[in-house]
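FYI, it's all coordinate maths here, none of it is from the lab. Just so we're clear, the structure is a prediction, and the values are computed from it rather than from any experiment. So basically every Cβ, Gly included, is an ideal-geometry build from the backbone, and we count neighbours across all protein chains shown.
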Amino acid sequence: MSDLAERLARRTLELVDIPSESLHERAIRERLRSLVPIPFEPVYEGDEAYLWARERRPGTPLLVLAGHYDTVPAQGNVPGRLDAGAVHGCGASDMKGGVAVALELVRDLGERAPGPVDLALLLFGREELPPEHNPLPALFDACPLLQEADLAVLLEPTDLEIQAGCVGNLSARVTFHGVSGHSARPWLADNALHRAIEGLARVATHERREAILDGLPFYEVASVTRLEGGLADNVVPDRAIATVNVRYPPDRAPAEAEDFVRSLVPTDATVEILGNSPPGAVVADAPLVEALRAQGGFPVAPKQAWTNVADFTSRGIPAVNFGPGATRYAHAKDELVEIAALERAYLALRAVALGDAR
């Protein structure tokens, strides 16, 4: 193992060993803040969002490395371990490995004269929570520097693919109404659960829709993720509540997605939109994306999930997902990130920051 690989593995393991479930991020937040090198000055320090950058040079491209430091709840996988060429533990793939890569890169480059690309580091929490907890909108409102970015790289787990865009994420509460009554005489009642079973048929049978954007296939899918109802074993319920989740491609506007989910259920059901995070625009031809792709022949693929790329592209800031983690391990009990992938991601981003051509 090279010295670089060893350093990246050790840093990732250190971060894994700091529990950081969403809303309990203080320890890891303060540790990360203590590790950012002095040449990178704090530009924004807000509510679980922190941005550091060197002094901007006019006419110089700006690359923002971004990552979240919170995780889903641990599953007996903290503390982590190094084993079989990988770092194992909660958040190793999603996305403490990516945060370690970004952190070590700014630490290394902070010790040398700036290259042809200016670099900024954005770290934030509460990413694993619903949209109302997202700390980035406040950051964008208060920090004009981000509007200067030529590219933001979200170091989400992507299997070392450059994943462009992302699908929107809509959740809706659908309430089916009936009339309660005795289960021995159901003809005197109107069973809301039966209404829900029938009324959700179009969601259950909805076939995914493919949308091709810039040659990349995105899929629109709808799922019932919760179904609640019933008062007692001998009572016909007068209300049943379903949660419907829709992931929609960047060819749909958020308002269109809300109309779509309403079209899937009966008109006498009540639809309440719980959250609607818009999709991210596809950015695959920006100069810094091309430079990153050239470093390792990284494939470009669509992001069939929602990520904070959408926070950037919705404000006209080019952004892609690119990270060392493997998507199959994200949120898993056996979560891990391969050390070789940490090193490869680091070297590619370093080459882009230093303008090294291949």
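Counted as qualifying within region 248-358 are the strands (runs of 3 or more DSSP E) with 1 or more residues that are more than 19 Å from the chain's Cα centre (by Cα) and of a type in the set (D, E), namely 270-277, 336-338. Listed by first and then second residue, the pairs linking a residue in region 337-358 that is more than 12 Å from L155 (Cα to Cα) to a residue that is of a type in the set (V, I, T), with Cβ atoms under 8 Å apart and 6 or more places separating them unless they lie on different chains, are V337/T12; V337/V87; I339/V87; V352/V117; A353/V117; L354/V117; G355/V117. Set side by side, the residues A192, A201 differ, and just one is touching a strand residue (DSSP E or B) at 6+ places or on another chain (Cβ under 9 Å), of a type in the set (A, V, I, L, M) and surrounded by 11 or more Cβ atoms within 10 Å (Cβ to Cβ), which is A192.
R226 fulfils the conditions (1) surrounded by 15 or more Cβ atoms within 10 Å (Cβ to Cβ); (2) touching a strand residue (DSSP E or B) at 6+ places or on another chain (Cβ under 6 Å); (3) of a type in the set (K, R) except for a single criterion, (1).
Answer yes if at least one residue in region 178-187 is surrounded by fewer than 15 Cβ atoms within 10 Å (Cβ to Cβ) and within 30 Å of R57 (Cβ to Cβ), and no otherwise. No: zero hits.
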